[in-house]
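First the structure, in the form of structure tokens, and then the observations on it.
The values are calculated or read from the model by the stated rules, or taken from the named source; none is laboratory data. Quick caveat, the model's predicted, so the values are computed rather than measured. A quick note on method: Cβ atoms are made from the backbone with ideal geometry, for glycine too, and the neighbour counts reach across all protein chains shown.
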Amino acid sequence: MAAVHATVAARSAPFGWGGVALIGKPGCGKSDLLLRLLDAGWRLVADDYAEIFLSAGRLYAQAPPAVAGRMEVRGLGIVPRSPLPLARLVLAVTCDQGSPERLPEPERLSLSGGSLPLIRLSPLEASAPARVAAAFDRFRSGMD
């Protein structure tokens, strides 16, 4: 099991809870994007750090005990949130302020002995939650 600097949100899928690992430097907007995903019906798995592990060929994420059920909301501090205990990862999202390519080459991110499809986006753009949902749906379909 590896502790990864990532925020993980999940939503219901035919196989259970499917997760998205949001990865990026501190202050890049991961928690802001998480708040907007939660507002759109996603669930919190882990904010800021996640334990990611491989089981039966699939990657899973959970919150370390120190951060479980808590998230940082800039300007408010640490707030409690009801977390999911576990999610099967579907996608990794690299969050940065640059403009993503229109038609990027497919990428993958290796984690804990497995790999995930990877997309890049600016987490503060208004369309970021919709892009995450579209990518989730695209890559989830191969996991059902």
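Inspect all residues belonging to segment 103-110 and state whether any of them is touching a residue at least 60 places away in the same chain (Cβ under 8 Å) and either in contact with a Pro (Cβ under 7 Å, 6 or more places away or on another chain) or in a loop (DSSP other than H, G, I, E, B) (or both). Before you say what the answer is, go through the steps one by one.
Of the residues in segment 103-110, the ones touching a residue at least 60 places away in the same chain (Cβ under 8 Å) are 109.
Next cut, either in contact with a Pro (Cβ under 7 Å, 6 or more places away or on another chain) or in a loop (DSSP other than H, G, I, E, B) (or both) only: none.
No, segment 103-110 contains no residue that is touching a residue at least 60 places away in the same chain (Cβ under 8 Å) and either in contact with a Pro (Cβ under 7 Å, 6 or more places away or on another chain) or in a loop (DSSP other than H, G, I, E, B) (or both).
Looking at E72 and the list (1) modelled with pLDDT under 95; (2) part of a loop (DSSP other than H, G, I, E, B); (3) not hydroxyl-bearing (S, T, Y), which single condition is not satisfied?
(2)
Show the residue pairs that are 6+ apart or on different chains and have beta-carbon atoms under 8 Å apart, the first residue being within segment 70-96 and of a type in the set (S, T, N, Q), the second being surrounded by 18 or more Cβ atoms within 10 Å (Cβ to Cβ) and not in a strand (DSSP E or B).
T94/G24
In segment 116-144, how many are surrounded by 15 or more Cβ atoms within 10 Å (Cβ to Cβ) and either closer than 20 Å to Y49 by Cβ or of a type in the set (S, T, N, Q) (or both)?
The total comes to 5.
Could you go through segment 12-24 and let me know if any residue there is touching a residue at least 60 places away in the same chain (Cβ under 8 Å), under 20 Å from A128 (Cβ atoms) and outside any strand (DSSP E or B).
Yes, because at least one residue in segment 12-24 is touching a residue at least 60 places away in the same chain (Cβ under 8 Å), under 20 Å from A128 (Cβ atoms) and outside any strand (DSSP E or B).
Look through segment 40-59, keep the residues that are more than 11 Å from the chain's Cα centre (by Cα) and touching a residue at least 40 places away in the same chain (Cβ under 8 Å), and return whichever of them is farthest from V90 (Cα to Cα).
A40
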